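Novice: After the structure tokens below, expect a handful of questions from me.
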2 protein chains.
Amino acid sequence: MICLASPRILVIGGGPAGLSASIDLFEAGADVVLVEKEDVLGGTPKKLHYSLIAPDLKPVEEVLDPLIRQVESSAVTKKLGTVVSAIENGNGHVNVTFTSNGGKEEAVFDAVILATGFTHWDPHKKYEYGYGVYPDVIDFKDFEKMLSDDNLARPSNGKMPARIGWLLCVGSRDRQVGKFYCCRVGCAVSIKQAMEVKKKHPEIDTYIYYMDIRTYGFWEDQLYWKAMEDLNVKFIRGRIGAISKGDEGSLVAMAEDTILQRPSEVPFDMLVLTTGMEASQGTVEMAKLLGLEMEEHGFVRPLEADSLPVHTTVENVFVAGTATGPKAIPDAITEGSAAAIKAFNYVRRSRGKKATGRSMKKDARAYAE
Amino acid sequence: MICLASPRILVIGGGPAGLSASIDLFEAGADVVLVEKEDVLGGTPKKLHYSLIAPDLKPVEEVLDPLIRQVESSAVTKKLGTVVSAIENGNGHVNVTFTSNGGKEEAVFDAVILATGFTHWDPHKKYEYGYGVYPDVIDFKDFEKMLSDDNLARPSNGKMPARIGWLLCVGSRDRQVGKFYCCRVGCAVSIKQAMEVKKKHPEIDTYIYYMDIRTYGFWEDQLYWKAMEDLNVKFIRGRIGAISKGDEGSLVAMAEDTILQRPSEVPFDMLVLTTGMEASQGTVEMAKLLGLEMEEHGFVRPLEADSLPVHTTVENVFVAGTATGPKAIPDAITEGSAAAIKAFNYVRRSRGKKATGRSMKKDARAYAE
């Protein structure tokens, strides 16, 4: 028989990782408060109106809405349109100040799960691609919205594009802009976008410019091979040097084709910049309030990346999802669950310790008889 | 206050995922039995004597031994050298028969976590590479053992090799051998192996033959860039067609260099085949006993790969680690934790249902007052 007073746990962020952590903690018997600065749950995929999710090309709603509904219909306390404005963490108690339109409010927790996510890298910084200059150069998130609105049209003239190109690794794997790491999902998402285009409009030509195609695991045949063989998406190995204006309103992508070993200049009607991921402002701010260490790429440092990936450098603070680095949605959901049990067990252990004065390790089962 | 009789959960497999699931379940208050067919815990990484683990180049012991010690010193029931020989699953009870040298034994559980892992693809099947014919053609796991034994020597003559090559994607991304998917870790592990070599023996030449370098996420700069820039590991884009005997006992790797656009023939002293992953025999057998569906690549099918990756098609059976597909060690550990809370919560819900006759959804908190 196990008996314990319900652990009080704060989950910061209502995206895939935070939703997953909240529902699992609630079902395990914790008192859960989920705070989200936006007025809706679902995180970046919902806020930015992502379209279909790779590899099964399911609508984002089909993947995330069941999780959102579970949280909404549960007794998890949802604080939407609310930010965490102050945190005092000591003696096993986390005193948190929430700020919303309704004013300030305070509450005490035993542990915190940080699930504050990522933001898309701003492609204005890669000025040679002309984002913000040429209307038909758009980025990954603009194109997702276009697809989910079923409104595929050139921003410059509202016409259907005849040829679309994707430029992978914009703000990723690029020393020039100070972003060394790979975004883990750019290849898969771009291929998925091209597949969405080709399924509805097989007459549109689609080209993907890549350095390495990183459709790891099952994405290889589920996305890469399918796109190439069944849908005739074309892949060109090479990084685009610059984009310039061509004839009749076209855009010319100038690249070195590193397989054919020759310069390549192809006119396009639209170019999609597959932007990288970086830590969101919320992740940076909350990490500061919580006193967490950051790692070299600007994300939250896990206690041990290889064995304790959801622990942080502060013992009662756990982390899940893209706050620790780029990640696909299923991985963020899985980390939410993992952070949930780690936080739950942490509170069990620390209460056992207080109750008996014994060491934490021996007290793992203090409440289980 | 939460009170419940301890859920009884069986974890099958004592590798990274199973260890992680076991300790988290135990700490949450479950009665856990961990069954492992080998006589030691740690799974394939320990059984095959892996050397350092990417990206931090930590010894495998440093990553896995703390987890093993936690399980060993806990009251998790460890059944080593034992297999599950029969399972009857019905009415919320799983009747399991264990078979070991000591004979047969039966026990009843509320839920099962399958963590039966993967096996390295057998490179004999790619006959044109001469594994088993040329002694100096070895595979990924042979080389790991060599490194962990600190015994870097050509099998043919015991001498230190002057030039080593790695052939990526052996039994991966290869329609010819019926393995379409990518193994997710081959690039990283091969680069890691080359880094281990170069750190100890900078005079040895190291070449990696690749189709795409898939050092996703932070592996990009932590492994790929470091290997290339700091340690002078050389990367050649192209797939090796065949390996043949060269002069003075050397092996010649014949490739088409797809960047330089010319045939390449390089003599090596040793060639390492980076073999793919496939479902282990244990995974296939246990999935059959448990009545689980398999997916198209031969692994266990998660209930929903994109939102419920640790659920299976049987409601009281959960899955973690490489039983559902290739995966790095930290991801397997994380999935172990996720499967732990899903199994724990499943038992809570199903007991609530029985106790009150109410629907499962409403009973998520049946035991939490």
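Novice: How much accessible area does A:K179 have with a 1.4 Å probe, in Å² rounded to the nearest 10?
Specialist: 30 Å²
Novice: How do B:259-269, B:306-316 rank on mean C-beta neighbours within 10 Å, highest first?
Specialist: So the order, starting with the most tightly packed, is B:306-316, B:259-269.
Novice: Which ³J(HN,Hα) values, rounded to whole Hz and listed in residue order, are derived for the range A:83-93 from phi using the Karplus coefficients 6.51, -1.76 and 1.60 in 6.51 cos²θ - 1.76 cosθ + 1.60 with θ = phi - 60°, glycine and proline given as x?
Specialist: 10, 8, 9, 7, 9, 10, 10, x, 6, x, 10
Novice: For a quick check, take a GNM of chain A with Cα springs below 10 Å and name the residue from A:K200, A:K78, A:K288 with the largest mean-square fluctuation.
Specialist: A:K200
Novice: Given a 10 angstrom Cα cut-off, can you work out which residue in B:Q70, B:Q176, B:Q193 is the most mobile in a GNM of chain B?
Specialist: For chain B, modelled as a Gaussian network with Cα springs under 10 Å, the answer is B:Q176.
Novice: Another question, if that's okay. Is there a simple number for the mean count of other chain Cβ atoms within 10 Å of the Cβ of residues in A:171-183, and what is it?
Specialist: 3
Novice: What number comes out for the charge environment of A:N89, summing +1 per Lys or Arg and -1 per Asp or Glu over other residues with Cβ under 14 Å away?
Specialist: -2
Novice: What residues qualify as long-range amide H neighbours of B:F268, i.e. H under 5 Å apart, gap of 5 or more or another chain, H built at 1.01 Å from N?
Specialist: Here the answer is B:L251, B:V252, B:A253, since their amide H atoms fall under 5 Å of that of B:F268.
Novice: Return, ordered by residue number, the residues of the range A:24-49 whose backbone nitrogen is under 17 Å from a label point located 7 Å along Cα→Cβ of A:L80.
Specialist: A:33-49
Novice: Okay, moving on. From other protein chains only, count the Cβ atoms within 10 Å of every residue's Cβ in B:19-29, then give the mean.
Specialist: Partner-chain Cβ atoms within 10 Å, mean over residues of B:19-29: 5.
Novice: Now for a different question. Taking amide H atoms as placed 1.01 Å from N in the peptide plane, list the residues 5 or more away in sequence, or in a different chain, whose amide H sits under 5 Å from that of A:R301.
Specialist: A:E293, A:M294, A:E295
Novice: Sequence-distant or interchain residues sharing an amide H contact under 5 Å with A:S85, placed H: which?
Specialist: Counting only residues 5 or more places away or on other chains, the set is A:T97, A:F98, A:T99.
Novice: Sorted from shortest, what are the nm distances separating the label point of A:E248 from equivalent points in the other copies, each placed 7 Å from Cα along Cα to C-beta?
Specialist: A:E248 label point versus its equivalents elsewhere: 6.3 nm.
Novice: Could you grab the relative contact order for the range B:122-275? Cα pairs under 8 Å, six or more apart, rounded to a whole percent.
Specialist: In percent, rounded to a whole number, it is 30.
Novice: Any idea what Rg and Dmax come out to for the range A:96-252 if you just take the C-alpha atoms, in Å?
Specialist: Gyration radius and largest Cα-Cα distance of the range A:96-252: 19.3, 63 Å.
Novice: Please compute the contact order of the range A:1-159 in relative form: average sequence separation of alpha-carbon pairs under 8 Å and at least six residues apart, divided by the residue count, as a percent.
Specialist: In percent, rounded to a whole number, it is 25.
Novice: What value, in deg cm²/dmol to 500, does the helix sum -39500 (n - 2.57) over DSSP H runs of n ≥ 4 give at 222 nm once divided by the residues of chain A?
Specialist: -8000 deg cm²/dmol
Novice: Around B:L251, with a cut-off of 13 angstrom between Cβ atoms, what is the net charge of the other residues, counting Lys and Arg +1 and Asp and Glu -1?
Specialist: Here the count lands on -3.
Novice: I would also like to ask the following. Rounded to the nearest 10 Å², what accessible area does A:R349 have for a 1.4 Å probe in the complete protein model?
Specialist: Here the residue's solvent-accessible area equals roughly 50 Å².
Novice: Roughly how big is the B-A contact, given as buried accessible area in Å² (both sides, 1.4 Å probe, nearest 100)?
Specialist: Using a 1.4 Å probe on protein heavy atoms, the buried area is about 6300 Å².
Novice: Mind checking the full-extension length gain between B:E61 and B:E315? Use 0.36 nm per residue of separation minus the Cα-Cα distance, one decimal, nm.
Specialist: Computed gain between B:E61 and B:E315 is 88.0 nm.
Novice: What number comes out for accessible area per residue over the range B:34-160 if the probe is 1.4 Å? Units Å², please.
Specialist: Computed with neighbouring chains in place, this is 47 Å² per residue.
Novice: Exceeding 32 Å between C-alpha atoms, which entries from my cross-link table qualify? They are A:K179/A:K200; A:K125/B:K342; B:K47/B:K198; A:K234/B:K245.
Specialist: Checking Cα-Cα distances, A:K179/A:K200; A:K125/B:K342; A:K234/B:K245 exceed 32 Å.
Novice: For A:P202, go 7 angstrom from Cα along the Cα-to-Cβ vector, then report the distances to that same point in the other copies in nm, smallest first.
Specialist: Sorted ascending, the copy-to-copy spacings read 5.8 nm.
Novice: Distances in nm, one decimal, shortest first, from B:S264 to the same residue in every other copy, taking the label point 7 angstrom along Cα→Cβ.
Specialist: Copy-to-copy label distances for B:S264: 2.0 nm.
Novice: How large is ³J(HN,Hα), in whole Hz, for each residue of the range B:309-316 in order, when computed from phi with the Karplus curve 6.51 cos²θ - 1.76 cosθ + 1.60 and θ = phi - 60°, using x for Gly and Pro?
Specialist: x, 9, 8, 10, 6, 10, 5, 9
Novice: Taking 8 Å as the Cα distance limit and 6 or more residues as the minimum spacing, I'd like the relative contact order of chain B as a percentage.
Specialist: Relative contact order, chain B: 21 percent.
Novice: Give a residue-ordered list of calculated ³J(HN,Hα) values for the range B:160-166 (Karplus: 6.51 cos²θ - 1.76 cosθ + 1.60, θ = phi - 60°; whole Hz; x for Gly, Pro).
Specialist: Karplus values, whole Hz, x for Gly and Pro: 5, x, 9, 9, 10, x, 10.
Novice: Under a GNM of chain B (C-alpha, springs under 10 Å), which listed residue has the highest mean-square fluctuation: B:V177, B:V33, B:V112?
Specialist: Residue with maximal mean-square fluctuation among B:V177, B:V33, B:V112: B:V177.
Novice: Give me the net charge for the shell around B:D269: Cβ to Cβ below 14 angstrom, other residues only, Lys and Arg +1, Asp and Glu -1.
Specialist: Net charge around B:D269: -1.
Novice: Let me confirm one metric for peptide B:206-216, namely the mean number of other chain beta-carbon atoms within 10 Å of its residues' beta-carbons.
Specialist: 4
The values are calculated or read from the model by the stated rules, or taken from the named source; none is laboratory data. This structure is a prediction, so every number in the text was calculated from the model and none was measured. In this analysis, Cβ positions are derived from the backbone assuming ideal geometry, glycine residues included, and neighbour counts consider all displayed protein chains. Only protein heavy atoms, including side chains, enter the accessible area calculation; ligands, DNA and RNA are left aside. Shrake-Rupley method; radii C 1.70, N 1.55, O 1.52, S 1.80 Å.
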